Amino acid sequence: MFLSDNDSLKKRFFEVIAFLFIYRFGTFVPLPGVDSNVLRAFFEGGISFGGALSIFSGGSVERMSVFALSIMPYITASIIMQLASSMKIGSGFFKQEVTEYSKAKLTSYTRVLSFFLALMQSIGVYYALRSGDSPAIKSNSIIFFWTTSVTLVCGSCVLMWIGERITIRGVGNGVSLIIFIGIASSIPVSLVQVFELLRSGVYNLFFVVVGLLFFVVLLILTCFFERVYRKIKIHYPASSQNRSSFIGKNESYLPIKINTSGAIPPIFATSLLTLPFFFSKLFDGIGSGGDNFSFFFRGGGVYFFAFSTLIVFFSYFYSSIVFDSKEVAANLRKAGCFFLGLRPGVETARYIDGILSKITLFGALYLVIICAIPDYIISKYSIPLNFGGVGILIAVSVVTDVFSQVQSHLVGAERAGRSLKRKVRVKYR
């Protein structure tokens with residue numbers, strides 16, 4: 001009902017829904033020259049195509065559609081460019097100053113890199129389809145090679161453009177929304193498979209009930225920890241005009257979220273762990289022994305260790321980008337506020353850094369428990385679920401982000417309306 005009070009927000013929602021509809025439609029458009037019967041037999045055998053890639057594909061990998069690569073090349077390129085910019089790789093190549101020009105420059109480099117990553121991954125997909133006793137590619141002609149590569153690269157670039165357009169419209173993060181829709185679309189299929197296995201006697205009722213309760217507990221824990229903050233007490237001078245009116249004292253709080261980086265660490269980790277699969281299939285097709293990468297596939301101990309380590313690394317890395325302690329300390333100094341017993345400036349920044357490091361450690365361990373452990377259990381015991389804890393975390397983060405952006409947009413529109421009414425009253429008074 002609130003959409004009727006704001007035409008601009010309604011228009012944005014309709015545009016986002018149209019973009020997501022294009023994405024879902026593309027997941028059902030198959031690659032030319034691919035034998036669907038071979039693919040169906042391939043996946044019915046319980047083989048995980050691409051490991052972690054199937055988590056976010058929304059069924060496009062199983063159908064081998066034009067969007068089979070999903071948004072993963074763009075995410076991987078974003079990781080590489082952010083790491084390069086933070087480490088100041090290349091003199092004069094990246095700018096550390098956060099300006100509109102530097103943002104546009106970094107975005108352009110990310111797009112170019114994502115194109116080349118998509119091209120590399122599309123070649124890996126072609127060799128994966130061609131390998132085996134019953135290849136899914138109907139012909140080994142060079143025409144099918146170029147058709148597969150160009151189609152997959154174009155599909156990935158279209159999703160990259162759709163994600164950027166959704167982000168610009170200001171109704172959630174485009175990349176996260178695309179991943180969320182892909183995960184949400186796999187839930188009904190997964191539930192049908194679970195109940196089919198229950199009916200056939202593969203699973204018993206106790207196992208299914210315990211599994212459902214386990215995911216309900218994961219959902220509750222995720223919703224709880226995504227709303228938990230650590231409050232650091234801030235003091236103001238007694239004569240300061242910036243005191244918090246709702247507390248009534250010369251003190252306030254600096255909130256720091258337990259999971260500062262949100263769903264970014266598991267998304268980044270999942271994206272990077274798709275690369276060994278493509279390398280494996282590429283080398284296997286060329287004849288260099290693709291089995292060298294088989295220990296890195298989803299469900300193995302090496303994959304679990306790498307996934308957990310990458311989650312911890314990206315938790316620290318991304319939290320340092322999102323929450324800059326030096327900038328926060330400088331803003332507190334400008335506002336005339338301080339932490340009791342600490343000097344403003346460098347000492348305050350170090351204090352904030354120490355607290356942030358401890359909080360990030362708890363946040364990283366929480367992400368490992370929520371994402372890595374359920375993913376390992378699902379893969380180890382061949383449970384027909386593609387999303388796991390990663391999907392639950394992304395769903396909660398996306399819904400929270402969309403609601404917060406909608407709420408801020410409505411509050412801004414309401415304030416603008418009040419200001420306009422005041423101006424009209426003053427004009428005609």
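Data table
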item	result
Neighbour net charge for Ser78 - beta-carbon separation under 15 angstrom, K R +1, D E -1	+2
Global geometry of segment 144-245, whether rounded, prolate or oblate, following the gyration tensor of its Cα atoms and the 1.5 cut on a/c	oblate
Leu254 long-range amide H proximity, modeled H, under 5 Å	Ile232, Lys233, Ile234
Around Ala263: net Lys/Arg minus Asp/Glu count, Cβ-Cβ under 10 Å	-2
Gain in span if fully extended, Asn37 to Ile220, counting 0.36 nm per residue against the direct Cα distance	61.9 nm
Sorted by Cβ neighbour density within 10 Å, fewest at the top, the residues Ser397, Ser200, Ser70	Ser200, Ser397, Ser70
Net length gained if the chain between Ser404 and Val192 were fully extended (0.36 nm per residue, minus Cα distance)	73.0 nm
Inter-probe distance in nm under a simple model that places probes 7 Å from Cα toward Cβ, at Ala18 and Ser131	4.2
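Read-outs throughout are calculated quantities, based only on the coordinates presented, and are distinct from any laboratory measurement. Owing to the predicted nature of the structure, the values given are computational and were not obtained by experimental measurement. Please note: Cβ atoms are built from the backbone with ideal geometry, for glycine as well, and neighbour counts cover all protein chains shown.
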